[in-house]
Amino acid sequence: MGRESRRADVRVGVARFTSCGGCQLTLVGLHDALLALFERVSIVEFAEVLSPRSGGPYDVLLVEGSVATPDQARRIVELRRQARALVVIGACATTGGIQALRNWADGDAWRAAVYPNPEFVAALPTSTPIADHVHVDAELRGCPIDPGQLKEVLTAVLVGRRPQLAETAVCAECKRRGTPCLLVDRGLPCLGPVTQAGCGAICPAFGRACYGCFGPVATPNVAALRAQLAGQGRSDEELGRLFAGFTANAPAFRAVAQPPEHNE
Amino acid sequence: MIEHRFETAELTRVEGEGSLRLRIRDGEVLEARLEIFEAPRYFEQIVVGRTPNEVIDIVARICGICPVAYQMTAVHAFEDLAGIEIDPSVRALRRLFYCGEWLESHALHVYLLHAPDFLGYDSAVAMARDHRDLVERALRLRRAGDALIAVIGGRPIHPVSVRVGGFSRVPRRTELTALRPLVEGALADATETVRWAAGLEPPVMAREPRLVALRDSREYPFNAGRIVSSDGLDLAPTDWLTAFEEYQVAGSNALHARSRDGGTPYLLGPTARIALAGSGLHPLAAAALAETGLADEIRTNVFRSIVARAVELVQVAADALDIIDAYAPPSEPMVSSEPTPGVAAWATEAPRGLLFHRYEMDERGRVASATIVPPTSQNQAAIEADLRAFAPAIVALSHVEATRQFEQLIRSYDPCISCATHFLDLRVEEVAR
Amino acid sequence: MDVILGTPAYLPRTRLPYLFTALQAAGRRIIGPTISDGAIIYDEIRGVEDLPRGWADQQSAGHYRLVPGNADRYFGYVVGPTSFKRFTFPPTVPLWRARREGSEVTTEAIEPEAPALAFLGVRGCELAAIGVQDRVLRDGFVADPDYAARRAAIFIVAVQCTVSASTCFCTSMGTGPEVTTGYDIALTELNDGYLVEAGSEAGRRLMDTLPLTPAESVQQDEAKESVAAVRRTIGDPVAVEGLPARLLARLDDAGWAAVAERCLGCTNCTLVCPTCFCTSVGQVSDLDGTDSIAERTWDSCFSPTFARVAGGDFRPRLQDRYRQWLTHKFSTWVDQFGSFGCVGCGRCVTWCPVGIDVREELARIAPVETVAPVVAGETIQRPVAVPAAPPAPIALPVVGSTVSADFSRATVTRIKPETVDTYTLHLTDLDPRLLATQPGQFVMVEQPAFPPVPISVSRIGPSGIELTVRAAGPATKAITMLAPGDQVSLRGPLGRGWPLAELDGRDVILVAGGLGLAPLRPLVEAVLARLVPSQKVRLYLGARTPADRLFVADAAAWARTAGVDFEETVDRAGSDWTGRVGIVTHLFDEAEWDGRDAIAFVCGPERMMQAVAATLTRRGVTPEHTWLTMERHMECGIGLCGHCQLGRVFVCRDGPVFSVAELGDAFGQEGL
Amino acid sequence: MSEFTGSRGWFGDALSQQQELRLASLSRSASFAAADVVAHEGAPLTDLGILRLGRLALRLFVPGRGSVTILTVEPGDVFNWSSVVPPYRSSSTIVAVEPAEAMLIDAAALRQALADDPTLAAVVYPRLLASVSRRLQATRTQLLDLFAAERGSEWT
């Protein structure tokens, strides 16, 4: 039935928008699976690691980063046309990233604050997720993405099955890992109950509160968590900052996120 | 009149987005510019109003390759301001943490980004077909680096445990000793990497660059030391700004750094460290370097920087083993601290060279303003100077070959444009009129 | 001293290390209380120095702190976030490995690991919890081999509670504080040492090796009194009398939405619960998908995907999920396993980040004085008459040769397209048990790298069976892409089929919608094979369009059979279709027949079955004689994973065929 | 006219003899051959129909998809019920898919009769409403598209 042949020429691309590059580097972090992947697919675009760039069309295009310049807004539309499946990877691509905090501010002011000659800087006043611009077929959350989840998505694409990606809250991973709840036993402001799992509940296992880098679960009860944290004596300002993190621009968090005032 | 114009569309195998613009007329270099058009992310602004621990989380995101460098620089700046004495075990763990990042970063650059230039492949994928062993070695080294960062910080990229005063959690001794076989393997791989790299044939080049690095009397520089240069500079790690400044290059998103003495270009990174702080090398790394007989050429020929990186791979693997063996967990993972107003500044050695942070902290202990100077923006001037010097010899070659060598030159600096905003787009276009 | 079962002895505190030595000498690793991350958890401990000596735990809803307690005591705490299920039912367990080489498929069970462990410090509520899980996972319908193996390797050292927390309610649930049964050794911590009792022969033998002295009566009295004091302190916070029925009567209570306002849906309550057993199976495969390992992990009825199927979600709202959890623990668990699912340990109260207290929710939603008030105009009309009292517990299907939890291989010999996306696979080389499949039963079809898919058997022949599959998602699509000669792995036959014994010469009404005809086809064939002249068979089929009709040739033959009334309709058609267009209930809502002595079998989408059942009721068919097959998210197919629960039943285990009477309130209830 | 009354009549036992005669006086029998068009979508209706035999298809024209049959009228069903509701135009095209026989009631006269005789209206309207209601229920169910295949993402 051609189970083997039908996957031989899978063209995979990796494209980067506004980001730190950490999510695409996660590919390199797949270690042995990376070599297996090299043998299994043609990586036709991955500028930061490979030189030859044959471009599209792509069977799978992994897109990292947010849309933050006018040129990127045009480029993503073109890439979408060339991609059969477009998978967005990471907090920047799925929510706009930490740089989306500019969406709260006057973008020009921020530009002027950092650059002496802001007129040379071609940037949009907002940083937005890829899905705000084109249809996306799947998303990998996280800042950065989890190597296991990346491997799962690539395997699922090659095998032709649905990627198995957790949709529970981080709490479920804490419990499986055996980490006691930090909200309960230390009163820490943990975003785990409203944050999507997938990281393996790293932060609580390392003694600190989850800061929401995988973004909100599908139906987060942010209001209830916020009320609980406020009831423990936290100020509105602190709670606003708590949600103004790496996925602040995800709608459920955006509603309550408030980045600190800046000196402009 | 012949004008050669090189504009690479997008420089590949470098971290970030930028381009090279080179114009040569009748053998004279009119313009040599590394352009960075990475979309800006305004990190200096994002950190305003944040607490030190929030800053540590945020600045990691400047770079997916060297997040540890950003976290380490920031945490030491804040601890310096607050006058916190950290536990010696925490200090050792931070050094181990940084060793992990150097392993990762150097292994990636040496084998996956840079080696194909020397061996005549256009990518590691192509190289892997003939030299699977090299790629496997790279991945083993990276695995060791990833494991070291993850055991301390939870994950290899954007680790989570660094806090002002220590770590939110420290590993148990058994967790570290479990990694020993992996790191021993990395040491063997690193030692082999030095031999292999020394045997690579570089293009000819000889110049005497100005070098800047941290130097510490006790050890090879990571988190501590004084800022020194090949021409006699000697500053506290907090005082970078007294000798250097940042400026924005016209037509670019990048802020470059230059020396206040009139802008003499200077070079950071493995070459500078070995030249200026080589006395602190681990005996195994020093022996590996001596065996190559290339201690001088590393400095004068930037194409030999791959050897310097390889020596540093030995350095960090050997260093890591020593730290693991001597490790005893601190009594408390973290000492507490109070919000402190004032100026927090520090410099550490990122894999690519000296990284400087400076934060003005308001009366609540929140960031009022920030200056972050990554190594690549400091190296930029040196890269452009080298391009300028190197161009006339290369321009006679075929366009394809010339382009390849230009790219190889740029890659020799391991530029991280993500950091510098932070990418190179090398639009190579030759125009003869 | 000679240890006699049931006669307590005494171990001075200074000699407690001997217990560790004795257990370790017996080749056991010890799992017991130790401090980690600010809480007393259960983990491997090596000696008394790992115990939380001198620490107590302060607990209330959403709050836990370690505080200094009686400095000498090792067991001066109550319970922490871990439960011993972590070691009998670990968070992740590999179940089977599946491989494909060419057309050949192998599926091998992975041998359970069963380390010899000693649990130290098991409280009364925790012993009860182990007992509850024993009934679910070991002594139930199908035993979970991994659980059974691990459980058999456990030695239990119980410790009587001499302190309690504000969150405790074991007294109400009848599980504590006294440790009464199920242990090998039980300790009671006294001022200077331990009262030690053997609860099993193994316990007695171990006690023989300890430096015990006879227990004095004053020590025995002190032990009794300290436990009795705990009982008095806890009181009786939950009124359990009649609780299952009270809760089921309140499925429509506004309180569910109210608690959902506060509930984070985080899964903490279920995962700290020592009895919750819901799991999901994931496939870990190579890049080619030819080699995969199925891993079972802890899941929760609060997970967004838990009740999801290809077409939607049976419990889309947080209030649906909370109601599922609470009603399962305190009501439907009793129907399914003969006890409450709650042991009153209070973990779900303490470890809820927002401090939702089940005791308060139960009192608010199902108060004792409740006699479900009926207010005119406020009752909810359901399409089917709802019995006033909860129906009797459901008889489990006959277990035996008709249900098989093992995987076996079969070969695809033919694939026949039925519609544009639906195919019928003919399978041969079957395990003989599959040839004994009853109409209405199903199989789990497993392919390497894909999740197993429940498929109803659409024909049972002398040498093979047929499966009719719609390519609704990747896993079902992969099945439809198999070729003749390919093997598949099957687990089955599973579930309870159509009650053929109930036919009894009655008139038969069969109603199918869409793919629902697949599980009905073997029934139609069985009915027609035993048709007696006095019997009428009325067959009503609905489909989306003429092109979506299944088994067209079979249907034509049925229509020609004497004694069969055959009608079919489609939802819409082109102008070339001269048959009926409209909904399936219109085929018989104005018919002449009287359904009072008839038996009806219905299969189709749930909303369609509700309409059909309502129409059949109006035509006189009784709820007891109206049989349906239900769809829910099936993951294991053998009643062990919890996904397909529908009120009092598990669809895979107790069904998928149910009578409307059996389902009662659950049929057509939103969010169940 | 037994079509109107009695246990098998369309209006059941509710019609008085006088009312039955009145209705009968407005009615006539009609037969249709297969493929005969009984009504055109949007066209004025002159008769209310009650099908006795055969099958009528209610069709809507969908540009690009042609004529779609959304419902069939079976013996005992009413058709052209729009003839008693303004604007008295057919809401679909009605085609006989097999030879059919129907009772047609003059719509204008019926409307007048119903206006004149509230007791007649009190019998006819509920019956008509029951029939329309049943059809509405069916339409709702069809709208749910219960038998539709679930649509997943193309590649997953």
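The values are calculated or read from the model by the stated rules, or taken from the named source; none is laboratory data. These numbers come from a predicted model, not from an experiment. Every residue, glycine among them, receives a Cβ derived from its backbone with ideal geometry; neighbour counts consider all protein chains shown. Accessible surface areas use protein heavy atoms only, side chains included; no ligands, DNA or RNA. Shrake-Rupley method; radii C 1.70, N 1.55, O 1.52, S 1.80 Å.
Tell me which residues come under 5 Å, amide H to amide H, from C:TRP96 once H is placed; ignore anything under 5 positions away on its chain.
HN-HN under 5 Å from C:TRP96: C:ILE110, C:ALA294.
Once all Cα-Cα distances of the range C:593-634 are split into 5 Å bins that start at 0, what whole-number percent is in each one?
Calculated over all Cα pairs of the range C:593-634, the distribution is 6, 26, 32, 20, 10, 4, 2, 0 percent.
Convex hull over the Cα atoms of the range C:188-253, averaged projected area in nm²?
The orientation-averaged projected area of the Cα hull of the range C:188-253 comes to 7.9 nm².
Which value, in nm² and rounded to one decimal, describes the direction-averaged projected area of the C-alpha convex hull of the range C:113-173?
4.9
For chain B, what does the accessible surface come to per residue with a 1.4 Å probe? Please give it in Å².
31
Once you compute Rg and the Kirkwood Rh from C-alpha atoms, what is the Rg to Rh ratio for the range B:206-362?
1.02
Over the protein assembly as shown, with every protein chain in place, what whole percent of the accessible area is carbon and sulfur at 1.4 Å, could you tell me?
For the protein assembly as shown, the apolar C and S fraction of the accessible surface comes to 52 percent.
Can you give the mean number of other chain Cβ atoms that lie within 10 Å of the Cβ atoms in peptide C:263-275?
6
Over the Cα atoms of the range C:489-588, what Rg and Dmax result, in angstrom?
Using the Cα atoms of the range C:489-588, the pair Rg, Dmax is 14.6, 44 Å.
Quantify how much of the Cα-Cα distance distribution of the range D:32-138 extends past 19 Å, in percent. Working shown, then result.
On the way: 2490 of 5671 pairs.
Across the range D:32-138, Cα pairs with separations above 19 Å total 44 percent.
What is the P(r) of the range C:547-672, as percent of Cα-Cα pairs per 10 Å bin from 0?
For the range C:547-672, the pair-distance distribution reads 11, 35, 33, 18, 3.
Hey, what number do you get for chain C at 222 nm if only DSSP H runs of n ≥ 4 count, each worth -39500 (n - 2.57), divided across all residues, to the nearest 500?
Estimated from H runs of four or more residues: -6500 deg cm²/dmol.
Would you mind calculating the relative contact order of chain C from Cα pairs under 8 angstrom and at least 6 residues apart, reporting the percent as a whole number?
Relative contact order for chain C comes out at 13 percent.
With viscosity set to 0.890 mPa s and temperature to 25 °C, compute the Stokes-Einstein D of the range A:60-110, Rh being the Kirkwood radius across alpha carbon pairs; µm²/s, no decimals.
In µm²/s, the coefficient is 207.
Where both partners of a DSSP beta bridge lie in chain C, what percent of those bridges are antiparallel, to the nearest 5?
Working: 79 of 114 bridges.
Bridges in chain C are about 70 percent antiparallel.
Take the Cα atoms of the range C:459-524, build their convex hull, and give its volume per residue in Å³.
120
Restrict the search to the range C:236-309; then list the GluC sites (Glu not before Pro) that DSSP places in a loop and that have at most 12 other Cβ atoms within 10 Å of their Cβ.
Sparse-neighbourhood loop GluC sites (Glu not before Pro): C:GLU241.
Report, largest value first, the span of the C-alpha coordinates of chain B along each principal axis, in whole Å.
Principal axes ranked by extent give 71, 47, 37 Å for the Cα atoms.
Could you grab the relative contact order for the range B:209-285? Cα pairs under 8 Å, six or more apart, rounded to a whole percent.
With pairs under 8 Å counted, the relative contact order is 38 percent.
Hey, how much of the P(r) for the range A:123-230 falls beyond 18 Å, as a percent of Cα pairs?
Percent of Cα pairs beyond 18 Å in the range A:123-230: 55.
Note the per residue figure in Å³ for the convex hull of the C-alpha positions in the range B:58-108.
Numbers: hull volume 3.1 nm³, N = 51.
Hull volume normalised by residue count: 62 Å³.
Would you mind giving the total buried accessible surface between chains C and A, with a 1.4 Å probe and ligands, DNA and RNA left out, rounded to the nearest 100 Å²?
Counting both chains, the buried surface is close to 3600 Å².
Which value does Rg/Rh take for the range D:19-93 over its C-alpha atoms, Rh per Kirkwood?
Ratio of gyration radius to Kirkwood radius for the range D:19-93: 1.00.
If you take every residue apart from A:LEU140 with its C-beta less than 12 Å away from the C-beta of A:LEU140, what net charge results, scoring Lys and Arg +1 and Asp and Glu -1? Provide the component values of the computation, followed by the final result.
Numbers: positive: A:ARG141, A:LYS151; negative: A:GLU64, A:ASP137, A:GLU139, A:ASP146, A:GLU152.
Combined, the nearby Lys, Arg, Asp and Glu give -3.
Roughly how much of C:LEU137 is accessible, in Å² to the nearest 10, using a 1.4 Å probe?
0
³J(HN,Hα) across the range B:237-243 via Karplus (A = 6.51, B = -1.76, C = 1.60, θ = phi - 60°), whole Hz, x for Gly/Pro?
x, 8, 10, 3, 5, 6, 10
Just the number, please: buried accessible area between A and B, total of both chains, 1.4 angstrom probe, nearest 100 square angstrom. Display every interim value, and only then the final one.
Numbers: alone 13300 and 15980 Å², together 23750 Å².
The contact between B and A buries close to 5500 Å².
With a Cα-only, solvent-free Debye model of the range D:18-58, what are the log10 I(q)/I(0) values at q = 0.14, 0.16, 0.21 Å⁻¹?
Ignoring solvent entirely, the Cα scatterers give -0.42, -0.54, -0.84.
By DSSP, what percent of the beta bridges with both residues in the protein assembly as shown are antiparallel, rounded to the nearest 5?
Bridges in the protein assembly as shown that DSSP calls antiparallel: roughly 75 percent.
What whole-number value in cubic angstrom gives the convex hull volume per residue for the C-alpha atoms of chain A? Can you show the working numbers first?
Working: hull volume 37.8 nm³, N = 264.
Hull volume over Cα atoms, normalised by residue count, gives 143 Å³.
Charges on Cβ only, +1 for Lys and Arg, -1 for Asp and Glu, centred on the Cα centroid of the range C:389-547; of C:VAL469, C:VAL488, C:PRO451, which one is farthest towards the dipole's positive end?
The residue sitting most towards the positive pole is C:VAL469.
Stokes-Einstein D for the range C:1-58 at 25 °C, 0.890 mPa s, Kirkwood Rh over Cα pairs, in µm²/s?
For these conditions, the coefficient is 186 µm²/s.
On average over all directions, what projected area in square nanometres does the range C:210-337 have, based on the convex hull of its Cα atoms?
15.5
Which longest run of chain C has no exposed loop site in it, a site being trypsin sites (Lys or Arg not before Pro) in a DSSP loop with at most 13 other beta carbons within 10 Å, and the site itself not part of the run?
So the longest stretch without any such site is C:47-529.
Size of the dipole of chain D about the Cα centre, Lys and Arg at +1 and Asp and Glu at -1 on the beta carbon, nothing else charged, in debye to 20?
The calculation lands at about 180 debye.
Kindly write out, for the range C:655-668 in residue order, the coupling ³J(HN,Hα) from the Karplus curve 6.51 cos²θ - 1.76 cosθ + 1.60 (θ = phi - 60°), rounded to whole Hz, with x marking Gly and Pro.
So the J values, rounded to whole Hz, are x, x, 8, 9, 8, 4, 5, 4, 6, x, 4, 5, 6, x.
Quick one: Kirkwood hydrodynamic radius for the protein assembly as shown, alpha-carbon pairs, angstrom, one decimal?
36.8
Search the structure for amide H atoms under 5 Å from the amide H of D:LEU71, placed 1.01 Å from N in the peptide plane, and list their residues when 5 or more places away or on another chain.
D:LEU58
Scale the Cα Rg of the range C:240-282 by the rule-of-thumb value 2.2 N^0.38 Å and send over the ratio, two decimals.
Output field value: 1.50.
Given H placed 1.01 Å from N in the peptide plane, which residues other than close sequence neighbours of C:LEU510 have an amide H under 5 Å from its amide H?
C:ARG538, C:LEU539, C:TYR540, C:PHE601
So, with +1 on the Cβ of K and R and -1 on the Cβ of D and E, and no other charges, what is the size of the charge dipole of the protein assembly as shown about its Cα centre, to the nearest 20 debye?
Once rounded to the nearest 20, the dipole reads 1560 debye.
Against the longest principal axis of chain C, how steep is helix C:217-234, in degrees 0 to 90 to the nearest 10, with axes from Cα atoms?
50
May I ask you to derive the relative contact order of chain D, considering only C-alpha pairs under 8 Å and at least 6 residues apart, and to give it as an integer percent? Present the calculation step by step, with values, prior to reporting the outcome.
Values: 267 pairs, mean separation 41.5, N = 156.
For chain D, the relative contact order is 27 percent.
Starting from the exponent 0.38 and prefactor 2.2 Å, build the expected Rg for chain C from its residue count and divide its actual Cα Rg by it.
1.08
At what distance in angstrom do the alpha carbon centres of the range C:319-336 and the range B:193-261 lie from each other?
66
Using only alpha carbon positions, build the gyration tensor of the range C:514-567, then give the equivalent ellipsoid semi-axes as the square roots of 5 times its eigenvalues, largest first, whole angstrom.
For the range C:514-567, the ellipsoid semi-axes come out as 21, 11, 9 Å.
If one computes P(r) from the Cα atoms of the range A:197-264, what percent of pairs lie at distances over 20 Å? Could you put the intermediate results ahead of the total?
On the way: 709 of 2278 pairs.
Cα-Cα pairs of the range A:197-264 separated by over 20 Å account for 31 percent.
Quick check for the protein assembly as shown: number of Lys pairs with alpha-carbon distance under 22 Å, counting only pairs 8 or more apart or on different chains?
4
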